[in-house]
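Please read the structure below before turning to the comments.
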Amino acid sequence: MSGTSPHISVLLAEVIAALTPRDGGVYADGTFGAGGYSRAILGHARCAVWGIDRDPDAVTTGRNLETAEAGRFHMIEGRFGDLDELLRQRDVNQVDGIALDIGVSSMQIDQAERGFSFAKDGPLDMRMAQSGPTAADVVNATDESDLADIIYRYGEERLSRRIAKAIVAARKDKPFERTSELAAVIRKVVPKHADGIDPATRTFQALRIIVNDEMGELERGLAAAERMLAPGGVLAVVTFHSLEDRVVKSFLKTRSGEAARPSRHLPQAAQGPEATFTLLSRRAIRPGSEEVARNPRSRSAKLRAAARTEAPCWGRDGGR
Ligand SMILES: C[S@@+](CC[C@H](N)C(=O)[O-])C[C@H]1O[C@@H](n2cnc3c(N)ncnc32)[C@H](O)[C@@H]1O
């Protein structure tokens, strides 16, 4: 754990204000991490919290909290995309609030051996769950055009083709094993950004997203939240880049009936199912300047929150 800084929870007060934990309530923290949200929820009311994380290191932290908060806090190792199955298996059929704080923790990014960082040399790994294919497997086995597509789509990197070409040329000599090897190849073909952002940033983001199926998890997690929340229960989601925020924004806009309707003159039945969420605010909530100064990693964070209505779930086909 050398060189690891503690994770500072982002938008913590805002997430708690959205969830408004109440006595007797049951809450799910789908991205337990260092447990900042779980502890704050437990501190706000005489309620119960179920923590979920796919990272065995975070689960170890959660087990300690389980001991300290016996009977009130429960830790589950798993993915929030399976949130409803994980909870139902434990006889929890409904919750009063769900928090998702998408992305990596400071512990993950700062530990060189987890392989998330282009700034620190480590094995090219990036697996949150510490199992399954690594980033090295993706980089060494994916064909050039698919690699370019991944980097373009999930890194929003304009120079994706150039990078994919350089990766494929380099791996012919020697397969990639270390984060520093990949970062060096990218830095050779991508000019330094004027804003000082490392040229490897976008490609590393893309690989992290694909290795952990982060977009798929987010979509499954949002749908699971719709199924698990009690009427009035709040879903609070914090994201760190535009790709994720777009998915959350579009889900909540559609499910709250705020998305463009086919026609205002059509009856409700023809326009689609009843809204399953009510937005708590139309705009995303951003950290204030004081939080960004205290924790620069919060600067790109956005919180979107919505309360569940009594309407039935739309389901996978959009409820039509
Ligand atoms: C940004 S940290 C959460 C920090 C936490 N809110 C706190 O205050 O300490 C994100 C955590 O979510 C976990 N995670 C990311 N995607 C996940 C998924 N699909 N299922 C479960 N855990 C996930 C990561 O392993 C990481 O520990």
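The values are calculated or read from the model by the stated rules, or taken from the named source; none is laboratory data. In this text, all values refer to a predicted model and were calculated from it rather than measured experimentally. As a convention, Cβ positions derive from the backbone with ideal geometry for all residues, glycine included, and neighbour counts pool all protein chains shown. All accessible areas refer to the heavy atoms of the entire protein, side chains included, with ligands and DNA or RNA removed. Shrake-Rupley method; radii C 1.70, N 1.55, O 1.52, S 1.80 Å.
Tabulated results
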| item | result |
| --- | --- |
| Flagged links, alpha-carbon separation over 32 Å, of 165/249; 172/302; 188/249; 165/302; 120/172 | 165/249; 172/302; 188/249; 165/302 |
| Spacing of the two label points (7 Å from each Cα toward its C-beta) at residue 230 and residue 22, in nm | 0.8 nm |
| Length added when fully stretched, residue 140-residue 246, from 0.36 nm per residue minus Cα-Cα | 35.2 nm |
| Rg over Rh, two decimals, the chain (C-alpha only, Kirkwood Rh) | 0.99 |
| Residue of 15, 247, 189 that the Gaussian network model of the chain assigns the largest fluctuation, springs spanning Cα pairs under 10 Å | 189 |
| Acute angle (nearest 10 degrees) that the helix 201-211 long axis makes with the longest principal axis of the chain, alpha-carbon atoms | 60 degrees |
| Per residue solvent-accessible surface (Å²) - the chain, probe of 1.4 Å | 47 Å² |
| Potential lengthening between residue 8 and residue 258 on full extension [0.36 nm per residue; Cα-Cα distance subtracted] | 86.7 nm |
| Gaussian network model of the chain, Cα within-10 Å springs - most flexible of 137, 125, 91 | 91 |
| Nearest-0.05 FRET efficiency for residue 197 and residue 162, computed from C-beta distance (R0 22 Å) | 0.80 |
| GNM result for the chain, Cα springs below 10 Å: residue of 21, 199, 296 fluctuating most strongly | 296 |
| Descending Cα extents along the principal axes, the stretch 118-212, whole Å | 37, 25, 24 |
| Convex hull volume per residue for the stretch 192-233, taking Cα atoms only, in Å³ | 87 Å³ |
| Efficiency of FRET between residue 281 and residue 113 - r from beta-carbon atoms, R0 41 angstrom, step 0.05 | 0.55 |
| Cα-based helix-to-principal-axis angle, 179-189 vs the chain, degrees rounded to 10 | 70 degrees |
| When the convex hull of its Cα atoms is projected in every direction, mean area for the stretch 1-114 (nm²) | 6.8 nm² |
